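The values are calculated or read from the model by the stated rules, or taken from the named source; none is laboratory data. Small disclaimer: the values here were computed from a predicted structure and weren't measured. Positions of Cβ are generated from backbone atoms using ideal geometry, with glycine treated the same way; all protein chains shown enter the neighbour counts. To get the accessible areas, we keep the full protein, side chains included, count just its heavy atoms, and leave off ligands, DNA and RNA. Shrake-Rupley method; radii C 1.70, N 1.55, O 1.52, S 1.80 Å.
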Amino acid sequence: KESINLYSKLLMISSEEKYVAQARLGKGMALLNLGRIDSSINEFMVVTNNFQSTSYFKEALSGLRLAYIAMGDLNKYFQVLDSYKSLIAISDQDSLIYNTAFLQFIQADYSHANEAFERYIEEFNDGVFFDAALYYNGVCYLNQQDTLSAITFFNKIIDFKKSKYKQDALLFLARYHY
């Protein structure tokens, strides 16, 4: 709580871009850590709306990702990303969407992970993480007892010329068909 008060004081006395942006980001993270998600989103949105040509913009997008994940509302996060699509490099969009999906996977929120992985697969079929998205999407389906959907994604992996997930996919499919 003390950090929120100090960030608020900094915002009252400073008009310099770097201090305002850093204070908003810090206050947003502190609010998020206290579970005040809506307030944290407001702080991050101030940064995304006012500091788009700075490095703080990407940091605010990351903060928004964490906040919307905490809310369990990836669609709102994706709406925010879509609204800034022209300002975000394709490679950054690739990473933001994949990392959002993978974070859901790590947290065992498989249905939200599926949504995010499928969005990634749809938008970035030449993406850096495409084969990983296929693989983890298949694993998500397995964890939800949807073996047929998992098989579909594992078959797509084995069609890849080079994938570090090919052996795992082949092993699963061989065991399934045994």
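Listed values for segment 81-86 are Karplus-derived 3J(HN,Hα) couplings in whole Hz (6.51 cos²θ - 1.76 cosθ + 1.60, θ = phi - 60°), namely 4, 4, 5, 10, 3, 5, and x replaces Gly and Pro. As an exercise, use a Förster radius of 35 Å and the Cβ-Cβ distance of Val128 and Lys1 to find the FRET efficiency, rounded to the nearest 0.05. Computed FRET efficiency for Val128 and Lys1 comes out at 0.30. Asp159 contributes an accessible area of around 130 Å² to the protein surface, as traced by a 1.4 Å probe with all chains present. When the residues Phe57, Phe160 are ordered by accessible surface, computed with a 1.4 Å probe over the protein chains alone, the sequence from largest down reads Phe160, Phe57. Basic side chains Lys and Arg get +1 at the Cβ, acidic Asp and Glu get -1 at the Cβ, and with that the dipole of the chain about its Cα centre reaches some 360 debye. Among the trypsin sites (Lys or Arg not before Pro) in segment 1-61, those located in a DSSP loop and surrounded by at most 10 other Cβ atoms within 10 Å of their own Cβ are Lys1. When the charge dipole of the chain is built from unit charges on Cβ atoms (+1 for Lys and Arg, -1 for Asp and Glu) and taken about the Cα centre, the candidate among Ile13, Thr152, Ala89 whose Cα reaches farthest toward its positive end is Ile13. What the chain shows is 55 Å² of accessible area per residue, with the surface traced by a 1.4 Å probe over protein heavy atoms.
Modelled this way, with points 7 Å down the Cα-to-C-beta line, the labels at Lys164 and Asn143 are 1.9 nm from one another. Each residue, Lys85 and Lys18, gets one label point 7 Å from its Cα in the Cβ direction; the gap between the two is 3.5 nm. Loop-resident trypsin sites (Lys or Arg not before Pro) (DSSP state other than H, G, I, E or B) in segment 115-169 with no more than 11 further Cβ atoms inside 10 Å of their Cβ: Lys161, Lys162, Lys164. For Asn33 and Leu171, the FRET efficiency from 1/(1 + (r/R0)^6), where r spans their Cβ atoms and R0 equals 45 Å, is about 0.65. How would you classify segment 26-106 from its alpha-carbon gyration tensor, with a ≥ b ≥ c the square roots of the eigenvalues: rounded for a/c under 1.5, else prolate if a/b is greater than b/c, otherwise oblate? In terms of gyration-tensor shape, oblate.
On the beta carbon distance between Ala70 and Asn155, with R0 = 35 Å, the FRET formula returns roughly 0.50. The 3J(HN,Hα) values that the Karplus relation (6.51, -1.76, 1.60; θ = phi - 60°) gives for segment 47-55 are, in residue order, 5, 5, 7, 10, 10, 5, 9, 10, 5 Hz. Gly and Pro appear as x.
Each of Ile41, Ser55, Ser3 was placed along the dipole of the chain (beta-carbon charges, centred on the mean Cα), and the one lying farthest toward the positive end is Ser3.
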